[in-house]
Amino acid sequence: MPTFTVETDRRLQVVDVTDRVSEALPDDADGTATVFSRHTTAGVAVNEAESRLLGDYEAMLADLVPDEGWDHDDLDGNADSHLRSLLVGASETVPVDDGDLALGTWQSVLLVECDGPRARTVEVRA
């Protein structure tokens, strides 16, 4: 199962990983690919990768889930990261035709970092 690593540099950050997912696909893959984050404080989404929208996505998650005031913070101070990634989800399933992602015109595969900066492992199964 192919994996790749994404280095993030901010606590809350959305990174376009479409090209990395495409590179991980076998040339003859057909059907679907599952793109999976192996982390409880990062997720995967499909949406547009326009820079202002990525910033809006980060701002939305920050607004929806306050940084502090959670019971889990007594343990390690990152409950907000767990809760944000829960909203995003750990994986996406994307159609694949002849080794290529069959995304819509404006769709991209995004890694959503909620507890960075970190090195994140993304798995691709086709």
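The values are calculated or read from the model by the stated rules, or taken from the named source; none is laboratory data. None of these values were measured; they are calculated from a predicted model. No Cβ is skipped: glycine too gets one built from the backbone with ideal geometry, and neighbour counts run over all protein chains shown.
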* Structure fact -> Note: among Arg11, Arg52, just one is assigned to a loop (DSSP other than H, G, I, E, B) and at pLDDT 95 or above, namely Arg11
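With in contact with a His (Cβ under 8 Å, 6 or more places away or on another chain) and of a type in the set (Val, Ile, Thr) as the only criterion, which of Thr5, Thr32, Thr41 stands out?
Thr41
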* Residue check, Ser51 out of contact with any Leu (no Cβ under 9 Å at 6 or more places or on another chain), in contact (Cβ under 8 Å) with a residue 40 or more places away in the chain and hydroxyl-bearing (Ser, Thr, Tyr) -> no
* **Which numbered condition Phe36 fails, given (1) assigned to a loop (DSSP other than H, G, I, E, B); (2) hydrophobic (A, V, I, L, M, F, W, C); (3) under 10 Å from the mean Cα position of the chain (by Cα)** => (1)
